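Since the structure comes first, as structure tokens, the remarks are kept for the end.
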Amino acid sequence: MSRRPALDGLRAFAVLAVMAFHTSPAAHGGFLGVDVFFVISGYLITALLLREWARTERIDLKAFYLRRGLRLLPALLFMLAVTLPFALTWEQAELTVNPVAAVASVLFYVANWASVGVDGSIGIWTHTWSLSIEEQFYLIWPAVLIVVLARRRQPPARALAAVVTVIVAARVITWHFDGGSWMYYATTSHCDGLLLGSLLAALLDRRETLFSSKGRSEAVAWLGVAGLAALFATSYIEAASTFQWRLPLVALLSAMVVHHLATCTDGPMVRLLSLKPLVGIGAVSYGLYLYHYPVFMTVQSRGFSHPVQHLLEVSLTIGLTGFSWYLVEKPALRLKERLPQVKPLPAHAGGQ
């Protein structure tokens, strides 16, 4: 599957929004960047799996999980090694569970459920809740997809749409009875972005685009961007509206943008999001996300003035991300490239 630089540009905006949310009250809607990530991940993983099935009529789960492990685990282990001393000293008061249990929850990708268990935070590793939801999705979804494809020969678009509808409806109903933080962290109530991204991949499996022209696709994508900007500017993480309609709307608007970036190779939006600085940030967005939260929380607890605080937050995060990218992640990626790769199809992402 050929890399789409514009999708990296979209990742850049998503991770920068999350980082801003964690350091400035003015960026109160930046938390929605995680849901943009979810849609991108759901689309890319499902499109990759469908492409492999279309070419070979099988999905190599062992190779899939090895590729995921080589991409994600080295940087995660490095982040834990670097931040553990701070979690046990300066930030110990923020660690609401046993340190061993907290580390285990991060390593085994159940940090979101650990946050559900304490109804809040697991200290400077709380941000790994989203990585846990993604990994749980990666663990379950490929096996489910294999079963469905083996029986029906088609991706389960209708079933995905139904599941997304059920999750959104259940979240809206449940909020009126128990609006606890578990609704944000639990996989069962916060996976609609991943599933909507998967639905987009399923719909594109047999069609090059969902629109009749590139111009219409471009217009819909810009409408999605405008909607996302409005939501980022007006959303608050603790508001009832976030759980009732903003999260699914962000996922839908993100899917509109991802559709365009995945199906068009040119146009104003593609060129904008393919600018080298944005693509570069998007390429290292995993590292930025991993390291920024522990750095930000540790720096903010030291009581520096705002200019010094922001300078330290940015410089330390960039330093760790750069070190990780060149000395931890890229060597692992070279090993990943030796594994069997899914060759691109001559046409679009699906079609048998």
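Since every read-out is calculated from the coordinates, none of them should be taken as a lab result. All values derive from a computational prediction rather than experimental measurement. FYI the Cβ positions are ideal-geometry reconstructions off the backbone, even for glycines, and counts take in every protein chain you see.
Can you return the aspartates and glutamates within cross-link range of residue 214? Criterion is Cα-Cα under 19 Å, with same-chain partners fewer than 8 residues away left out.
Result set, ordered by chain and number: 205, 266.
Could you calculate the FRET efficiency of residue 98 with residue 237 from 1/(1 + (r/R0)^6), where r is the beta carbon distance between them and R0 is 22 Å, rounded to 0.05?
0.25
FRET efficiency for residue 3 and residue 305, Cβ-Cβ distance as r, R0 = 41 Å, nearest 0.05?
Once rounded, the FRET efficiency stands at 0.50.
Towards the positive end of the charge dipole of the stretch 160-317, with charges on Cβ (+1 Lys, Arg; -1 Asp, Glu), say which of 172, 316, 210 has the farthest Cα.
It is 210, whose Cα lies furthest towards the positive end.
Using the alpha carbon gyration tensor of the stretch 208-275, what are the three equivalent-ellipsoid semi-axes (square root of 5 times each eigenvalue), largest first, in whole Å?
After scaling each eigenvalue by five and taking roots: 26, 12, 8 Å.
So if I place +1 on the C-beta of Lys and Arg and -1 on the C-beta of Asp and Glu, and nothing else carries charge, what would the dipole magnitude of the stretch 5-336 be about its Cα centre? I want it in debye, nearest 20.
That gives the stretch 5-336 a dipole magnitude of about 1200 debye.
Summing -39500 (n - 2.57) over the DSSP H runs of n ≥ 4 in the chain and dividing by its residue number, what mean residue ellipticity at 222 nm do you reach, to the nearest 500 deg cm²/dmol?
-22000 deg cm²/dmol
Starting at the first residue of the stretch 215-222, write each ³J(HN,Hα) from the Karplus equation 6.51 cos²θ - 1.76 cosθ + 1.60 with θ = phi - 60°, in whole Hz, x for Gly and Pro.
The phi angles translate into x, 5, 4, 4, 5, 5, 5, 5 Hz.
State the extension gain, in nm to one decimal, for the chain segment bounded by residue 144 and residue 162, taking 0.36 nm per residue of separation less the distance between their alpha-carbons.
Roughly 4.9 nm would be gained on extension.
What list of ³J(HN,Hα) values in whole Hz, one per residue of the stretch 134-146 in order, does the Karplus curve 6.51 cos²θ - 1.76 cosθ + 1.60 (θ = phi - 60°) give from phi, with Gly and Pro shown as x?
5, 5, 4, 5, 4, 6, 8, 4, x, 5, 4, 5, 4
Quick check on the stretch 286-334: what does the Kirkwood estimate of hydrodynamic radius come out to from the alpha carbon pairs, in Å?
Averaging 1/r across every pair of different Cα atoms and inverting gives 11.3 Å.
With r as the distance between the Cβ atoms of residue 84 and residue 265 and R0 = 35 Å, compute the FRET efficiency 1/(1 + (r/R0)^6) and round to 0.05.
0.20
Which whole-number percent is the relative contact order of the chain (Cα, under 8 Å, 6+ apart)?
That works out to 34 percent.
Given the peptides 197-210, 162-175, arrange them by the average over their residues of other C-beta atoms within 10 Å, most packed first.
The peptides rank, most packed first, as 197-210, 162-175.
Calculate how steeply helix 306-324 sits against the longest principal axis of the alpha-carbon atoms of the chain, using the helix alpha-carbon long axis, and give the answer as 0 to 90 degrees to the nearest 10.
50
Which residues in the stretch 52-67 place their backbone N less than 17 Å from a point set 7 Å from the Cα of residue 333 along the Cα-to-Cβ direction?
Answer for the stretch 52-67: 67.
Distance between Cα centroids, the stretch 59-98 to the stretch 287-323: provide it in whole Å.
Cα centres, the stretch 59-98 to the stretch 287-323: 18 Å.
Can you check what the net charge comes to around residue 38, using other residues whose Cβ is under 13 Å from the Cβ of residue 38 (Lys, Arg +1; Asp, Glu -1)?
For residues surrounding residue 38, the net value is -3.
Calculate how large, on average over all directions, the projected area of the Cα convex hull of the chain is; give the answer in nm² to one decimal.
Hull-based average projected area comes out at 17.3 nm².
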